[in-house]
Each structure stands twice: as C-alpha cells, then as structure tokens.
Amino acid sequence: MAGLLKMKQAGHLDPGQVIVVTLTGNGLKDPQWALDAAPEPVVVPVDVKEAARALGLEG
C-alpha cells in the first residue's frame, strides 16, 4: 500500500486506473514465520487406502 501511495504522489497513476492491492494480515509475506508456525507435515504412504484413512475418508 505504501508503494501505491508513493506512485500516486509521484504522478505515475492515470485517473480512473483500476489497481488491485492484496492486503493480508496473516504473516504469509514472511515465509519463515509461516514455516515456523506451521505444524509438522503428516507423511502418508503412497497408497489410496492410507491416504483415505489420513483424510478421515475411510468407510
């Protein structure tokens, strides 16, 4: 957002121009933070029944 405001102040944006800015507050702009906060991955054998069991889909 700060960069967009600077571009506007510098006159680099056209009137009526549509601009999309993604603002997140979830920390994903800092990949290391996301990795540190994530749980350990679940390792599932390459087997359809094991995959279904891991997903809670076994019948």
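Structural remarks
- Taking Val44, Val20 and counting other C-beta atoms within 10 Å, the order from fewest to most: Val20, Val44
- Extension gain, Val20 back to Ala38 (0.36 nm per residue minus Cα-Cα distance, nm): 3.6 nm
- Dipole magnitude for the range 2-54: about 260 debye, using +1 per Lys or Arg Cβ and -1 per Asp or Glu Cβ, origin at the Cα centre.
- Note on the chain: helix-only mean residue ellipticity at 222 nm, from DSSP H runs of 4+ residues weighted -39500 (n - 2.57) and normalised by residue number, equals -9500 deg cm²/dmol.
- Semi-axis lengths (Å, descending) of the ellipsoid that matches the C-alpha gyration tensor of the chain: 46, 16, 8
- Karplus 3J(HN,Hα) series, Hz, for the range 44-50 with 6.51 cos²θ - 1.76 cosθ + 1.60 (x for Gly, Pro): 10, x, 6, 7, 4, 5, 5
- Residues Met1, Met7, sorted so that the one with the fewest Cβ neighbours within 10 Å comes first: Met1, Met7
- Signed unit charges on C-beta, dipole axis of the chain, positive-most listed residue Val42, Ala54, Gln9: Gln9
A short reminder: the numbers here are calculations on the coordinates, not readings from a lab. Just so we're clear, the structure is a prediction, and the values are computed from it rather than from any experiment. Backbone-built Cβ (ideal geometry, glycine too); neighbour counts: all protein chains shown.
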